[in-house]
Structures are given as C-alpha cells and as structure tokens.
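Data block below; observations after.
The values are calculated or read from the model by the stated rules, or taken from the named source; none is laboratory data. Computed from a prediction, not measured in an experiment: that's the story for all the values here. With ideal geometry, Cβ positions are generated from the backbone for all residues, glycine too; neighbour counts draw on all protein chains shown. Ligands, DNA and RNA are stripped out before the accessible areas are found, and what is left, the full protein with its side chains, is counted by its heavy atoms. Shrake-Rupley method; radii C 1.70, N 1.55, O 1.52, S 1.80 Å.
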Amino acid sequence: MITSFIIAGTIYLSILIYLARRSRLKEKTTSNYLLAGGNLGMLLGLFTTAATIFSAFTVIGMPDFFRTHGIGAWIFLGVADAMMVYVLIRVGVIIRQKARSGNYEGMAGLLTRAYGFKFAGFVAFTGVVIFLVPYISVQIRGVSIFLNAAFPNALPVWGWGTIIVAIMIIYSEIGGLRAIMYNDTLQGIILFIVIWIIGWNCLSEFGSVAAMFEKVESTKAALLSVPGPNGLFTTQFFIISAISIVLLPFTQPQISTRVIIMKSTSALRRMAIGLGIFATLVILPTMFMGMYGAVLYPDSSVQDFIGHVLLYDQAPAVAALGLIGLIAAAISTSDSQIFALGTELRSLLTVDDKRALAITRVFILVFGVIALVFSILSSEQLVLLARTSFAGTAMLGPLILVGILSRKRPGLLIPICTLVALLVFVLSSAGVIPDRIGPLEIEMLLFSFLLMVTGIELLRLKLQKEIT
Amino acid sequence: MKFKKIWWTDSIFIIMTIASFTGLLIPAGQINPKFVGIPYTVWVGVLFCILYVIVAYIASKLQEEGPDDH
C-alpha cells in the first residue's frame, strides 16, 4: 500500500501545486485575495462549498456515528442538510444581495456597518474563533493520528499535523481564496469518488441493501430505529442539530463568504440545489460503511474500525485513495476555516487595504499555528465536536440575520445577549456549568433565549418606526 | 404573482419541518413498515431529503430574478 500511497500522494500534491500556481496573484488586494474577485460560478461554488462543509467528520465521523448510534444519523445530517438547502435559497439570496450592496469584506465587518458599532462585529468574530479553532484542530488531529497508525515508522502525529497545516498555509498564501476554491473542487471530487468506492465495497459484502439491514437487525436491531442503542437521537437532539445546520450558510464565515461571492442570484440557487443532491449522495455511502462496521466491528475502537473500513479491508490502490480522500476532506475544510478567520479579522481592520492585507496574512499563519497546537492537545470526538461547533456558531444566527435583514439599525440588546449565550455555552461545554436544566439541553435553552431577545428587539424596532 | 405563489412552497417547507420532528419520520423503536427491506426511518428519511430538494427547486423557480441575473 505504501507504493500506491506515494504514487497517489505525489499526483495529488502535484495537482495542488499546479492549481496554486495557476491562481497565483501578482498584486494582492482584499477583493482578489480574500474574496476571489467576488465572481464565483455555479460549479466552482458547488464543489468548494460542498468540500468545505463535508470534512473529515464525514469520512471518519459519520460511518462511526452510524455504527455506534444507528440510522438516526441520517436524520441528524441528511435531512438537516436538505432543510438547509431550502433556507439557503430563500434567505441566502436576500443576504447575498444585501451584503453585496455595500463593500463586503467579511461578516464581522458587515455587522459592524449594519449595527453601527464595532462591538457587534467583535461578538461575531469572537464566536467564530471560539467555535472554529477546536473544530479545525480535531480534524487535523483525526487525520494525523490515522496517518500515524497507517505508517507507524514514518512520522509522529505532530509531524503529520505540521505537514497538513504547512500545505494549507502555503497554497493559501500563494493564491488566496481562489487557490483554496480550486483545490476544494479537486478535493470535493476526490472525496465523492473515494467515499462511493469504499461505501460500495462495504455494501457488496452483504450483496444488497436489504441483506445489509437484515444482517444489522440480527446483530443489533436498536441501530435501525431512533433513539438508537445509546439513546442519543432524541427529538431535542434532532431539533438542536437541525437549527445549527440550517444556519451554517450564514453563521460559519467560510460558507457565508462563498454564498455572498456567488456571481449571480441564479448561480447561488443552482449551487444550493446541487449542494442538496451532493449532500444526500455523500452521506448515503457513509451509512453503508457504518452498517458494515456494526456487523463486522461492533466493539472496535473508532481508530480500529476506520482503519479496517478505509485501509485494511480494501485493495491497496483503494486504500491509498482512501487515505488521500481523508486528507483531502480534512484539508479542504480546515484551509477554508483558517482563511475565513483571516477574512473576518480583515473586515474589522480600518487601516489601508495593503496594510490590512499584510496583517491578515500574518494572522492566517497564526491561526494555522494555533490550530496545529490545539490539534496536539485536542480530543477525538469528531462528530460531537463538529456539532458543538455548529451549535456554537448558530448562536450568532439572530445577530447576523437581524443585523443584515432589518431595515432599521438594531441596538445593543442582541449583541450583548449573544455574547452572554456564547459564554454560557462555552462554560457548559467545558463542564463548568450543567449542560441541561431539567429536561431541556443547554443549546435549546440558549436558542429559546436568543429567539425571545430577537422578538423583543424586533418589537422595539417596529414601535420605534411607528413613533417616528 | 410569483411572490404570492412562493408562500405555497414556504408552507410545505414548514409543514415538512414540523413533521420531521414527529413520529411520522422518527417513531421511537419502530423498524416497520420496511420498503424493499429498508427500515422505516431510513426510507422515509431519504424520501424527505428528496422532497426538500424538490420543494427548494420549485421555490428557486418561483423567486424573483436578482438584479445580477441576465
């Protein structure tokens, strides 16, 4: 397998370098470096957004989620992603038009202008830093551990992590967002092909879909219904997850940037429909992989199970492709997230463009190093950490949606309450305060609190309008 | 006219979203009725995904053209 991996890896790296060189910029400005000229077509938009959303948690996390908690994982991600497509079409179009009517440089800067004070932008920036950095780190760590296990004598875990971060930083520095998007397209295609080859192989083990479910039913029937054998998939879990995922295109800057820089409204709509189809087709084979694991490796560790399903149970060429697919999935999400943190920072800077861009490029490197350090320290709960990241940034939803969509300038209430909600959620995630009160989970309470605050603020704005 | 029609897709979306969190899609502990051997929540879940995308497609057709659509 080593030979196959070296060949596939060399081809993969060569294409990455070629694409980075092709998108190399002589004169870097915020518009061409951070926003790729703001002219994203449907196909490039589809693949870059899909590759950004479907990360290592899709390749490693989802099969394990299906294996451990059962078919409710389909509702958790598949149905929630399909809901997201509708909201993206209805709300995303309006947000894109509003954002582009001014000088868009990033969501934090847009909110600063919408609210009329910097505090709103800082709350948004704080939220994305807090909830994106751990998510980036856990992906780098997941893939690094896996590579270390596949090639035990080659490099330590931190060595693989450093290589992955270095690749991301180098091509981000060379070509900016356009280089990232070209590479995302390549990686999205690799991810799609690899996950289907492996998923198909897992399904072939049983002969048919019906035979697969029959076998799972005889092994552990609880996997085939909700709430699953561990009782994870409650209605509340699904509602919190759906809110978090539906808001992703507006609350996670690596996705909202792509929505806003689509070249036309119709390109955005077509991209959204394509995303819905892509999501369904990508999640489906992870279910086959999970059911395969439920029958063959029900009690193995995550590492052991993923090792078998991606590597040891596959032909050498497929295993090498599996490794490349895994690296591609992790890199295509992490690079966009690190870069988006830089873009958000840039949108808060008020110095001249050249200086702001120089500062941003330094901070993209800094964010990469922070993510690398965190990756050496972080845990391996990939799906649940991803969900925490989604839920954390979803707390920014009211701040972003009211700020952009409101015709009148909102006050301090929503930014302050959002900051309080973020703080409570961080303390709850760290175990300092309880993660539920009575039957309600903390996310549900915080979403309800922010919804109530939004209602109060909208009422205040309405009354203000009537008085004046 | 299109503006009015799009409320139909919004209504369908809201009804489907509410249904997604009820026993219609996620009945506790229920595997049957199966469809070609596929457990209930899986095949209804896939059906919901397809329906959501179809409703989104119809909504995209009913939306007004943007200022940058030519």
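Only alpha carbons enter this Debye calculation for segment A:1-157, each as an equal point scatterer, and the log10 of I(q)/I(0) it gives at q = 0.12, 0.18, 0.19, 0.20 Å⁻¹ is -0.86, -1.46, -1.47, -1.47. The HN-Hα couplings worked out from phi for segment A:270-286 by the Karplus form 6.51 cos²θ - 1.76 cosθ + 1.60 (θ = phi - 60°) are 5, 4, 5, 5, x, 5, x, 5, 4, 4, 4, 6, 7, 6, 3, x, 5 Hz, whole numbers, x standing for Gly and Pro. What's the whole-number percent of alpha carbon pairs in chain A lying beyond 30 angstrom? Value for chain A: 43 percent of Cα pairs lie more than 30 Å apart. Diffusion coefficient of segment A:105-254 by Stokes-Einstein, Kirkwood radius over Cα pairs, 4 °C, 1.567 mPa s: 65 µm²/s. Compared with the dominant Cα axis of chain A, that is its longest principal axis, helix A:157-204 is turned about 50°.
Shielding value for A:226-234 is 2, the average number of Cβ atoms from other chains within 10 Å of each residue's Cβ.
Highest mean first, the peptides A:150-158, A:105-113, B:18-26, A:271-279 sorted by other C-beta atoms within 10 Å per residue fall in the order A:105-113, A:271-279, B:18-26, A:150-158. Along the charge dipole of segment A:137-295, pointing to its positive end and built from +1/-1 on Cβ of Lys, Arg, Asp and Glu, which listed residue (A:GLY161, A:ASN201, A:LEU247) has its Cα farthest out? Among A:GLY161, A:ASN201, A:LEU247, the one farthest towards the positive end of the dipole of segment A:137-295 is A:LEU247.
Of the solvent-accessible surface of the protein assembly as shown, computed with a 1.4 Å probe over protein heavy atoms with every protein chain present, carbon and sulfur atoms account for 69 percent. Phi-derived couplings, Karplus 6.51 cos²θ - 1.76 cosθ + 1.60 at θ = phi - 60°, listed residue by residue for segment A:257-265: 4, 5, 4, 6, 8, 4, 6, 8, 4 Hz, with x used for Gly and Pro.
With a cut-off of 11 Å between beta carbons, the residues surrounding A:TYR104 carry a summed charge of +3, where Lys and Arg count +1 and Asp and Glu -1. Computed per residue of chain B from DSSP H runs no shorter than four, each worth -39500 (n - 2.57), the mean residue ellipticity at 222 nm is -21000 deg cm²/dmol.
Axis angle, to the nearest 10 degrees, between helix A:442-467 and the longest C-alpha principal axis of chain A: 30 degrees.
Per-residue shielding of A:96-105, expressed as the average number of other chain Cβ atoms within 10 Å of the residue Cβ, stands at 1.
Starting from segment A:394-468, pick out the trypsin sites (Lys or Arg not before Pro) whose DSSP state is loop and whose Cβ has at most 11 other Cβ atoms within 10 Å.
Working: sites: A:ARG407, A:LYS408, A:ARG436, A:ARG460, A:LYS462, A:LYS465; in loops: A:ARG407, A:LYS408.
Those that pass, being in a loop and sparsely packed, are A:ARG407.
In the protein assembly as shown, taking the dipole from charged Cβ atoms about the Cα centre, the farthest positive-side position among A:SER300, A:GLY109, A:PHE367 is held by A:GLY109. Measuring with a 1.4 angstrom probe and ignoring ligands and nucleic acids, A:VAL402 comes out at about 10 Å² accessible. Rounded to the nearest 10 degrees, the angle from helix A:42-53 to the longest Cα principal axis of chain A is 70 degrees. Go ahead and estimate [θ] at 222 nm for chain A from helices alone: -39,500 (n - 2.57) per DSSP H run with n ≥ 4, summed, over the residue count, rounded to 500. When only DSSP H runs of four or more count, the value is -24500 deg cm²/dmol. Look at the stretch A:74-81: the mean tally of other chain Cβ atoms within 10 Å of its residues' Cβ atoms is 6. Across segment A:289-306, rounded Karplus estimates of 3J(HN,Hα) from the backbone phi angles (6.51 cos²θ - 1.76 cosθ + 1.60, θ = phi - 60°) give 5, x, 5, 4, x, 5, 8, 8, 10, x, 10, 6, 6, 4, 4, 5, 4, 5 Hz, Gly and Pro being marked x.
Across all Cα atoms of segment A:255-387, the radius of gyration (one decimal) and Dmax (whole number) stand at 19.4, 60 Å. Taking Rh as the Kirkwood radius computed over C-alpha pairs, what is the Stokes-Einstein D of segment B:2-62 at 20 °C in a medium of viscosity 1.002 mPa s, expressed in µm² per second? Result for D is 169 µm²/s. Placing unit charges on the Cβ atoms of the charged side chains and taking the dipole of the protein assembly as shown about its Cα centre, the candidate lying farthest along the positive direction among A:VAL91, B:ILE50, A:THR29 is A:THR29. Summarising the amide proton neighbourhood of A:MET262: residues at separation of 5 or more, or on other chains, whose placed amide H is nearer than 5 Å comprise A:LEU40.
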